[in-house]
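For reference, the structure discussed in these notes is given below.
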Amino acid sequence: MGDEIVVAPGGPLRGELRVPGDKSISHRALICNALAEGEARIRGLLDSADCRSTMACLSQWGVEFEIDADNLLVRSPGQHSFHQAPGTLDCGNSGTSIRLLSGVAAGLPFRSQFDGDESLRSRPMRRVLDPLAAMGARVADSDTAPFWVDGSDGLHQGFNGNLAVASGQVKSCIVFAALRAEHPSRIVEPGPSRDHTERMLGAMGADIEVDGSCIRVRPGADLATSDVHVPGDISAAAFWMIAAALIPGSDIGLPNVGVNPTRSGVIDVLRSMGAVVELHNQRDVSGEPVADITVRGSQLYGTRIDGDLIVTALDELPALAVAAAFAEGVTEIHDAAELRVKESDRIETTSAMLTAMGVEVEEWPGGMRIVGGQPRGATVDSHGDHRLAMSAAVAALASDPESGPTTIRGASAVEISYPSFWSDLDRLRHDGR
Ligand code: S3P
């Protein structure tokens with residue numbers, strides 16, 4: 001595929017689509033099962049560049065993977081038998097890989113060297129290296145990748161304290177280290193970040209207790225491998241939910257999507273804007289809440305997104321900013337400074353995309369103000385950020401038909417989390433293009 005895609009305005013979106021497996025749960029299904037000795041079957045694993053980064057790193061420590069029909073088999077000697085990686089653990093574009101695996105590395109009796117691509121090299125790593133050092137790991141004195149983590153002195157301290165940011169990655173990193181520490185840990189988070197790690201490790205026999213915003217981990221429990229059925233990714237479904245909500249006459253079904261309350265803020269925000277989003281057949285699969293989602297097109301109105309909604313809708317904020325650009329009235333996003341340290345500075349890149357499409361946007365240090373209207377086709381850039389490329393596609397689809405198509409540069413960024421995004425777009429759009 002060339003790295004530029006042209007998307008014409010169109011729709012409505014109709015039909016049913018199974019979105020790929022949840023990225024966060026896929027990483028954890030790989031990592032948590034690698035910690036235990038034995039074999040596990042993972043069904044519905046996201047096959048994307050980010051998850052391949054995690055698999056490549058775990059392979060270097062001695063974990064084996066095998067594809068068996070619809071499943072991925074993880075075969076591990078258990079973390080106590082990992083050997084030193086022969087090379088650098090290259091995490092590519094994946095913040096989840098580098099931060100979660102750093103926590104694992106802190107419990108291993110040798111040095112692990114981490115690195116990533118240009119985007120990952122620009123992202124803050126003190127937030128994981130400082131707590132690991134406080135627990136007794138030796139770590140590189142570095143703000144960013146490349147860096148190393150060495151657990152050969154042992155982890156003499158548990159982690160006891162408050163996290164500065166509500167972050168599923170930082171919390172999970174510390175939890176993985178806490179499993180190998182000599183003393184219990186108590187981690188308090190400032191907001192409800194995604195809790196997939198706690199759920200999965202609990203099911204595997206870890207001594208982990210969650211009480212509101214406080215997570216207690218007692219080390220030493222034997223972990224047993226656990227088969228996982230990964231639900232569809234709400235962060236992938238969000239693009240279709242938003243596109244369908246925006247385009248009149250749309251009516252789509254998204255079966256088997258994870259609706260964990262630490263991830264489902266996008267549904268709350270869309271409903272507050274007037275969208276018709278329904279959840280059917282709610283159930284639990286592998287310890288995660290799952291539902292079949294339907295969305296119909298309707299008039300949207302501006303809203304305010306702030307507080308805990310930010311962390312539960314974190315990765316969906318660029319796409320929600322697109323929804324705001326088409327809504328009637330003004331939308332304000334506050335408390336979202338974390339967006340500046342994602343795969344791109346998502347406040348800057350989202351504002352630039354919307355501005356190019358004729359939207360009135362004001363950028364703040366921790367958010368933005370978007371005046372709803374009728375965005376028009378333009379040339380926009382993903383800046384190598386998968387969620388920007390997909391948000392741009394939603395904006396292009398819903399844009400003013402008179403204004404022509406949108407050219408999206410850096411379209412191949414979708415490989416990071418949603419390789420079939422462009423073909424799924426063709427399947428859902430019912431305007432014959
Ligand atoms: C993730 C946590 C979030 C999210 C990222 C995936 C995870 O990052 O943005 O896409 O799987 O734990 P932060 O922990 O940096 O907020």
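Simple point charges give the picture: +1 on the Cβ of Lys and Arg, -1 on the Cβ of Asp and Glu, and for segment 80-169 a dipole about the Cα centre of about 180 debye. Between the beta carbons of His83 and Val210, assuming R0 = 45 Å, the FRET efficiency works out to 0.85 to the nearest 0.05.
By the beta-carbon count within 10 Å of each Cβ, the least crowded to most crowded order of Trp422, Trp364, Trp61, fewest first, is Trp364, Trp422, Trp61.
Separation of segment 313-379 from segment 131-181 is 33 Å, based on Cα centroids.
Put simply, when 200-206, 95-101 are sorted by average Cβ atoms within 10 angstrom per residue, most first, you get 95-101, 200-206.
With the helix formula -39500 (n - 2.57) applied to DSSP H stretches of n ≥ 4, the chain reaches a computed 222 nm mean residue ellipticity of -9000 deg cm²/dmol.
Of Trp240, Ala206, Trp364, whose Cα points farthest to the positive end of the dipole of the chain (charges on the beta-carbon: +1 Lys, Arg; -1 Asp, Glu; origin at the Cα centre)? Working it through, the farthest residue towards the positive pole turns out to be Ala206. Over segment 270-393, the ratio between the Cα radius of gyration and 2.2 N^0.38 Å evaluates to 1.09. For the chain, the relative contact order is 18 percent, taking Cα pairs closer than 8 Å that sit 6 or more residues apart in sequence and dividing their mean separation by the residue count. Counted over all Cα-Cα pairs of segment 334-411, pairs farther apart than 18 Å make up 37 percent. Comparing Asp385, Asp90, Asp284 in a Gaussian network model of the chain where C-alpha atoms under 10 Å apart are linked, the largest mean-square fluctuation is found at Asp284. Farthest towards the positive end of the charge dipole of the chain, among the residues Ala275, Ile408, Pro192, is the Cα of Pro192, using unit charges on the Cβ of Lys, Arg, Asp and Glu.
To the nearest µm²/s, what D does Stokes-Einstein give for segment 116-251 at 25 °C and 0.890 mPa s, using the Kirkwood radius over alpha carbon pairs as Rh? Taking Rh from Cα pairs, D becomes 145 µm²/s. How large is log10 of I(q)/I(0) for segment 236-277 at q = 0.26, 0.30, 0.33 Å⁻¹ when the intensity is taken from the Debye formula with one equal scatterer per alpha-carbon? Those come out to -1.00, -1.24, -1.36, one per q. Along its three principal directions, the equivalent ellipsoid of segment 130-179 from the Cα gyration tensor extends over semi-axes of 17, 15, 9 Å, largest first. Note on His27, His83, His334: ascending count of other Cβ atoms within 10 Å places them as His83, His334, His27, the fewest first.
Which of the helices in the chain, when you take each full DSSP H run, stretch at least 30 Å along the axis at their Cα atoms and have an average Kyte-Doolittle score of 1.0 or higher? Long hydrophobic helices here: none detected.
Go ahead and collect, in residue order, the members of segment 11-40 whose backbone nitrogen is under 19 Å from a label point 7 Å along the Cα-Cβ direction of Phe110. Within reach of a label on Phe110, which here means backbone N under 19 Å from a point 7 Å along Cα→Cβ, segment 11-40 contributes 34-38. Can you check how the C-alpha radius of gyration of the chain compares to 2.2 N^0.38 Å, as a plain ratio? Computed over Cα atoms of the chain, the ratio equals 0.96. Expressed to the nearest 5 percent, the antiparallel share of DSSP beta bridges inside segment 72-156 is 75 percent.
Summing Cβ point charges (Lys, Arg +1; Asp, Glu -1) relative to the Cα centre of the chain gives a dipole of roughly 280 debye. Each 5 Å bin, from zero up to the one with the longest distance, holds this percent of the alpha carbon pairs of segment 29-128: 2, 13, 25, 25, 19, 11, 4, 1, 0. Each DSSP beta bridge with both residues in the chain is either parallel or antiparallel, and the antiparallel ones are about 75%. Choose one of Ala325, Val295, Ile310: the residue whose Cα lies farthest towards the positive end of the charge dipole of segment 285-347 (beta-carbon charges +1 Lys, Arg; -1 Asp, Glu; about the Cα centre). Positive-most Cα among the choices belongs to Ala325. Take the Cβ atoms of Asn162 and Ala8, set R0 to 56 Å, and the FRET efficiency comes out at 0.70. Under the simplified labelling scheme, the Leu73-His334 pair shows an inter-label distance of 5.5 nm, with each label point 7 Å from Cα along Cα→Cβ. The alpha carbon radius of gyration of segment 203-328, expressed as a multiple of 2.2 N^0.38 Å, is 1.23.
Readers should treat all values here as calculations from the given coordinates under stated rules, not as data from a laboratory. Values in this document were obtained by computation on a predicted structure and should not be read as measured data. Cβ sites come from the backbone with ideal geometry, for glycine too, and all protein chains shown count toward neighbours.
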